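Colleague: Quick one: structure below, then a few questions.
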Amino acid sequence: LKPPLLNSARVFAITHSSWRRKRASFQVSAISFQKYIHFAVNETKRQTQLVPSPLQEKIDGKSELQMLSFQAPKIRLLRSLCIETEAMQVLDFNVFPEPEFDVPIFCANFFSTTSINIVVLDLNPLHDVISQRDYKERYYKSLMPLGLKYAELLPWGGKLTSESLKFFSPIVIWTRFTPSELKNDVLYSAFTDYYKAWLKLIKHAVAETDVSQIMSNREAQHRYLTWRAEKDPGHGVLKKLIGETMAKELLRSFIFNGIDELGSTTFLDYFPEYRCEDGAINEKRSIVGKSFENRPWDTKGEFIDKNS
Ligand code: BLA
């Protein structure tokens with residue numbers, strides 16, 4: 001096994017010294033997401049043969065961005081993007097199973113400044129958990145106690161892009177808080193618990209052999225990637241940091257890698273409601289608008305839309 005740093009050596013070499021200098025002048029309270037990544041990578045290595053993915057070689061290092069990517073049996077891609085500047089800290093960490101597995105996608109997206117921490121932590125379902133009860137029961141029933149524990153400690157963050165909800169599970173942690181040592185500790189604890197839960201799912205997952213089922217998993221993952229590569233709320237920040245061209249390249253080839261390999265269906269085919277009269281994609285993030293002021297899942301993981 002190669003240590004993860006070898007994998008990111010090039011990017012890291014460019015970034016490390018300037019990053020260290022900057023960190024020294026940070027406020028003590030600034031959260032660092034490095035330990036989150038270290039935990040996830042080490043915990044995965046305890047379970048499986050994690051090998052570096054060549055992906056990030058394609059991208060030039062930019063001072064504040066740190067990227068890591070691996071693959072393993074059952075795992076198509078484990079990748080993280082960590083951004084640490086004086087003004088903000090970002091963790092974008094996802095793990096995508098191979099299409100033979102319908103195991104949820106691990107998703108941790110944290111955006112943090114001195115005044116606000118915006119958090120999405122979830123085992124994003126591959127298939128619809130509202131209409132496909134068997135899928136929900138299989139993966140989330142036993143995880144509800146974990147979800148409830150953290151839903152209390154990290155309460156619902158209020159209205160969000162309505163379309164996003166289909167990509168979330170009944171145990172999603174969607175929250176916003178003013179950073180404090182206590183809250184940051186709770187977040188780290190939630191992250192490690194959710195990651196351990198995900199590792200268990202993938203460990204016990206048995207490869208699907210039915211071709212149509214594998215195709216359906218592949219398409220669901222492609223649809224997810226297509227949605228996020230087009231409408232993820234982090235795009236604006238990325239564009240400001242590295243420019244539109246680099247940001248687009250980073251999104252397609254690294255962050256949402258697989259979008260060009262797993263399928264050829266377009267964004268507008270999946271989400272036709274975003275089609276403008278001239279055939280372009282509507283630039284609005286949401287067509288429906290924001291909704292779900294409160295957590296729309298009850299304690300049993302039943303979808304309850306109190307908003308309508
Ligand atoms: C805000 N990030 C948000 C919001 C959500 C997410 C739900 C609230 C705004 C909204 O309702 O859209 C996250 N949305 C997700 C995730 C999925 C989804 C994970 O649909 C998955 C399916 N966030 C990042 C990264 C950056 C970032 C990498 O993950 C920056 C580089 C920034 N997220 C960010 C910022 C906001 C935000 C700045 C607040 C701005 C806003 O509300 O539009």
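Colleague: For the range 261-284, what are the residues that are in a loop (DSSP other than H, G, I, E, B) and either in contact with a Gly (Cβ under 8 Å, 6 or more places away or on another chain) or crowded, with 16+ Cβ neighbours inside 10 Å (or both)?
Modeller: Leu262, Gly263, Phe271
Colleague: Of all residues in the range 119-138, which are among the acidic types (Asp, Glu) and away from the ligand (no atom under 12 Å from the Cβ)?
Modeller: Filtering the range 119-138 down to residues among the acidic types (Asp, Glu) leaves 122, 128, 134, 137.
Scanning the range 119-138 gives Asp128, Asp134, Glu137.
Colleague: Right, another one. Looking only at the range 199-237, count every residue that is assigned to a helix (DSSP H, G or I), small (Gly, Ala, Ser) and under 18 Å from the mean Cα position of the chain (by Cα) and tell me the total. So that I can check it myself, show each step before the final result.
Modeller: Here is the first cut: in the range 199-237, the ones assigned to a helix (DSSP H, G or I) are 199-204, 211-231, 235-237.
Within this subset, residues satisfying the condition of being small (Gly, Ala, Ser) are 212, 216, 220, 229, 236.
Then keep just the ones that are under 18 Å from the mean Cα position of the chain (by Cα); that gives 220, 229, 236.
Looking only at that region, the number is 3.
Colleague: Looking at (1) surrounded by 16 or more Cβ atoms within 10 Å (Cβ to Cβ); (2) within 16 Å of the ligand (Cβ to nearest atom), which one does Lys240 not meet, given that it meets all the others?
Modeller: Only one criterion in (1) surrounded by 16 or more Cβ atoms within 10 Å (Cβ to Cβ); (2) within 16 Å of the ligand (Cβ to nearest atom) is unmet by Lys240, namely (1).
Colleague: Taking the range 177-204 as the search range and keeping residues that are touching a residue at least 12 places away in the same chain (Cβ under 8 Å), within 24 Å of Lys45 (Cβ to Cβ) and of a type in the set (Lys, Arg), which one is most open to solvent (accessible area, probe 1.4 Å)?
Modeller: Across the range 177-204, the extreme among qualifying residues is Lys203.
The values are calculated or read from the model by the stated rules, or taken from the named source; none is laboratory data. Keep in mind that what you see is a predicted model, and the values were worked out from it rather than measured. Neighbour counts run over all protein chains shown; Cβ positions are idealised from the backbone, glycine included. When the accessible area is computed, the model is the full protein with side chains, heavy atoms only, and any ligands, DNA or RNA have been set aside. Shrake-Rupley method; radii C 1.70, N 1.55, O 1.52, S 1.80 Å.
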